[in-house]
1. What does the accessible area of Lys68 come to, in Å² to the nearest 10, when a probe of 1.4 Å is used?
2. For the stretch 288-417, state the average projected area of the convex hull of the C-alpha atoms over all orientations, rounded to one decimal in nm².
3. How many percent of the alpha carbon pairs in the stretch 329-390 exceed a separation of 20 Å?
4. Can you list residues whose amide H is under 5 Å from Ser108's amide H, if they're 5+ apart or on another chain and H is modeled 1.01 Å from N?
5. Can you run phi through the Karplus equation (6.51, -1.76, 1.60; θ = phi - 60°) for the stretch 396-411 and list ³J(HN,Hα) in whole Hz, with x for Gly and Pro?
6. Quick check: Cα centre of the stretch 150-204 to Cα centre of the stretch 65-125, how many Å?
7. Determine the distance separating the Cα centre of the stretch 353-387 from the Cα centre of the stretch 248-270; give it in Å without decimals.
8. Using the Cα atoms as the points, what is the convex hull volume per residue of the stretch 131-288 in Å³?
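The values are calculated or read from the model by the stated rules, or taken from the named source; none is laboratory data. Here the structure is a predicted model, which means the values were calculated and not measured. Side chains are part of the model used for accessible areas, which takes the heavy atoms of the whole protein and leaves out ligands, DNA and RNA. Shrake-Rupley method; radii C 1.70, N 1.55, O 1.52, S 1.80 Å.
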Amino acid sequence: MSSESSGSYYSTTESSSGEDASVENLKSYKPGGYAPISIGEVLNDQFRIVKKVGFGQFSIVYIAYDYKTQKFFALKVNKSDKWCTISANDEITILNKIDHSCCSKLVSHFKYTSIFGEHVVLVLDVYGETLYRILRDNNYVGLPSKIVKSICVDVLQALQHLNERGIINTDIKPENILIKTPNKKIKRIMDKYKPPPIGQGIKILDRHPATMSESQRNKYNKLKRKGAKVDESEDESDEDENNYVSRIVHVVLSDFGNACTTDLHHSSRICTRQYKPPENILTSNYDTSADIWSLGCVIYELLTGNVLYQPELYEKGDKKELDDSHLASILEITGGDVLTYKDGRYFGDFVRQDGSLRFINHIRRTSLSTKIEMNSTLSRKESKEWSEFILYLLNFDYTKRPSAKNILDKYTTWLLS
């Protein structure tokens, strides 16, 4: 492909797009931004914050102890700006329509007021790491075929449930799929936690600096300089291999902040770049099949540790030229007929009437089977089987793309083998 001149934790930040999401953006603690919540703080007269376990572009997630039920929950505390609040309320509406063991469960929600504004807080069940975290910790080496098959079954069951309720997640990616069971470290924290009386205050070393007066911050900094422990150390988990494997085979679909219904789309543009389907490049149309496309991309990533589509921005490029590169990569792997979308709103931006791309020459058909074999430990036979399965999901024509039910009907026996 060449060009002519002319991107549990319950985090959604960890990104396979190459951005460094392992560092929290402290500049987001500001009006309209993150809530400066302290460890040990009690929210809504009910939930004591135990540990921060994830952070995303729009929210931070904590494990909290619920004094009413005497159980632990994950609190997703959204930023306080207008759009995050609208998105959080939309997510609540969507989650209230979902009831499936392979989807994250909304327990309740409330509003929390910080010095930076009013934040919508979602109370959710506690789950484990993201699939992206699993890949990252595995040094981006693909997961065993049997594990990926089990994950496929869970996600497909979740998508079938969403389809039946007319819901489109619109953002299927490894960061938004969680291991169903927390790891040993999180379990240990919950098992050992002894909740103090609900009226007990917060130790200064547990306070968030943004909530302190100048004198309190000076005292905090003095204690830190003396080497006092500020937060629990990130000790290594002693989870043995058998327990680890048996734990990561089951997942839940999470993060419905960008979700919509089939009859009410919130945006004409969907999906994180690497998981975006062709119809959303060439048209403004999409339906539940967009989630199937994204899943196909995720499956390749789970098998190889690499993203399937990583479009490159031209040296002097812009967003449209990134779409060009992405579209060409899709055509190389799927062999799709771009004229399928000749009536699409954006078709003329990228494609000539004869079906050739305006800015990309030399489309070279790529064997997905060979690509999988070269980037994984799978045999040629296994690579071919996975290639056939993934390409079934990656039908270029979204009107002919299979539903989650179609896929389960056709492939359940293979997926369970």
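1. Its heavy atoms expose roughly 150 Å² to the probe.
2. Reported value for the Cα convex hull: 8.9 nm².
3. Summing the P(r) tail past 20 Å for the stretch 329-390 gives 40 percent.
4. Under 5 Å from the amide H of Ser108: Val123.
5. 4, 8, 5, 6, 10, 5, x, 7, 4, 5, 3, 5, 5, 4, 7, 10
6. About 12 Å separates the Cα centre of the stretch 150-204 from the one of the stretch 65-125.
7. The stretch 353-387 and the stretch 248-270 have Cα centres spaced 28 Å from each other.
8. Numbers: hull volume 34.6 nm³, N = 158.
Hull volume normalised by residue count: 219 Å³.
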